[in-house]
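The values are calculated or read from the model by the stated rules, or taken from the named source; none is laboratory data. On a predicted model such as this, the values are computed, not experimentally measured, just so you know. Note that each Cβ is placed from the backbone with ideal geometry, even for glycine, and that neighbours are counted across all protein chains shown. Ligands, DNA and RNA are stripped out before the accessible areas are found, and what is left, the full protein with its side chains, is counted by its heavy atoms. Shrake-Rupley method; radii C 1.70, N 1.55, O 1.52, S 1.80 Å.
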Amino acid sequence: MAEQDLAPGKSSVAVNNCIRQLSYCKNDIRDTVGIWGEGKDMYLILENNMLNLVDPMDRSILHSQPIVSIRVWGVGRDNGRDFAYVARDKDTRILKCHVFRCDTPAKAIATSLHEICSRIMAERKNAKAVAGSSVQERVTVGLDVPLQDFPTPKTELVQKFHVLYLGMLPVAKPIGPGGNNSQKMQLLTLNSMDILNGAIDSLVSASGKEDWVPVILNVADATVTVIKEQKEDEVLVECRVRFLSFMGVGRDIHSFAFIMDSGNQHFESHVFWCEPNAGDVSEAVQAACMLRYQKCLVARPPSQKARSASPPTDSVTRRVTTSVKRGVFSLIDTLKQKRPIAELPQ
């Protein structure tokens, strides 16, 4: 990596690009197992202010990295089990990004690194305050990285919604027939909304409200997660925004659903019941889709950005944006119709 890639505001994108390059096949982005098969199994151990990579067979140390020399670290945006850190090679002094696929959520590694760095910083400050001699000053200055260069973890904004989960139904691929761009987009949206409404109607009629599961719908920049309200460690659904094919508000303003591409041309519709209505949930998911599209534009070369000023006709972002607009307009119209007479303008 180049030094300028680690400038404030750029390091997160640069590290995530490295993760993507190593964790995804060019032919099939879901074939993560195949490309990671060329990697090496190892343990990542944080102890004594060192990050050690250990061979699981003979317990020999494959690599040892002083934590104070790590410039930046991060967790993959598209997969919470991807972890990477950047440091200079001790021999060549070249900045290198080391990428790992973890058996457990990589957030635990990032959290542990942050705690270790906080402790080291506190120890440095205490040592500097207690010993004011020039000897102590020289020891402090001689450490690898100054205090302000420690990376700080970036927290992802997560919106939480308490809703009822009706369940999941397999559905057809949400696309429309051919035609010119305008006609194709209208037919695509109508066809996808029919699929969405069909799934909502089926699940609503299949059970009573007392059978629906209270859940927390977490909407983050890269992921939509559904977890049980009583057991927050039990994940019912996890959908990467990149695999969200369509979403919308149903005929009833309380109903909301999204269609997820689960791979191998299989699609799932997940349905929810929202109070007082589904407007806030749909807007949050739409915002996540738009943010992902903007990040894709930023990551593209300038020559491609000029050709991609707006989402393609049948892109996920265009489909989601159109469906949300239709759903929200329908929601607003319904609320206007249901407004009490006393509130109508005279």
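A few remarks follow.
- If the condition is being within 21 Å of Gly263 (Cβ to Cβ), open to solvent by less than 70 Å² (accessible area, probe 1.4 Å) and modelled with pLDDT of 50 or more, then the range 15-30 contributes Ile19, Arg20, Ser23, Tyr24.
- Among residues that are surrounded by 20 or more Cβ atoms within 10 Å (Cβ to Cβ) and at pLDDT below 85, Cys296 is not included.
- Residue within the range 231-245 that is part of a strand (DSSP E or B), without any contact (Cβ under 8 Å) to a residue 24 or more places away in the chain, among the β-branched types (Val, Ile, Thr) and surrounded by fewer than 18 Cβ atoms within 10 Å (Cβ to Cβ) present: yes
A quick yes/no check of all residues on (1) of a type in the set (Gly, Ala, Ser); (2) touching a His at 6+ places or on another chain (Cβ under 6 Å); (3) under 14 Å from Ile259 (Cα atoms):
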position	(1), (2), (3)
Asn197	no, no, yes
Ser207	yes, no, no
Trp212	no, no, no
Asn218	no, no, no
Thr225	no, no, yes
Gln230	no, no, no
Val235	no, no, no
Glu238	no, no, yes
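- Residues within the range 102-123 that are open to solvent by 40 Å² or more (accessible area, probe 1.4 Å) and in contact with a strand residue (DSSP E or B) (Cβ under 7 Å, 6 or more places away or on another chain), tallied: 2
- Boolean, Gly263 is at pLDDT below 90, farther than 24 Å from Asn17 by Cα and not acidic (Asp, Glu): no
- Flag for Ala127 being among the small types (Gly, Ala, Ser), more than 30 Å from the chain's Cα centre (by Cα) and more than 12 Å from Ile19 (Cβ to Cβ): yes
- Number of residues in the range 246-289 that are part of a loop (DSSP other than H, G, I, E, B), closer than 20 Å to Pro170 by Cβ and either without any contact (Cβ under 8 Å) to a residue 40 or more places away in the chain or touching a Phe, Trp or Tyr at 6+ places or on another chain (Cβ under 6 Å) (or both) equals 1.
- Taking the criterion of being farther than 19 Å from Lys160 by Cβ and within 19 Å of the chain's Cα centre (by Cα), the residues of the range 221-257 that qualify are Arg242, Phe243, Ser245, Phe246.
- For the condition under 17 Å from the mean Cα position of the chain (by Cα) and not aromatic (Phe, Trp, Tyr), Met260 qualifies.
- Residues that are in contact (Cβ under 8 Å) with a residue 40 or more places away in the chain, in contact with a helix residue (DSSP H, G or I) (Cβ under 9 Å, 6 or more places away or on another chain) and surrounded by fewer than 21 Cβ atoms within 10 Å (Cβ to Cβ), drawn from the range 49-83: Asn49, Val68, Arg71, Asp78, Asn79, Gly80
- Taking the range 84-96 as the range and being part of a loop (DSSP other than H, G, I, E, B) and either of a type outside the set (Val, Ile, Thr) or surrounded by 11 or more Cβ atoms within 10 Å (Cβ to Cβ) (or both) as the test, the residues that pass are Asp89, Lys90, Asp91, Arg93.
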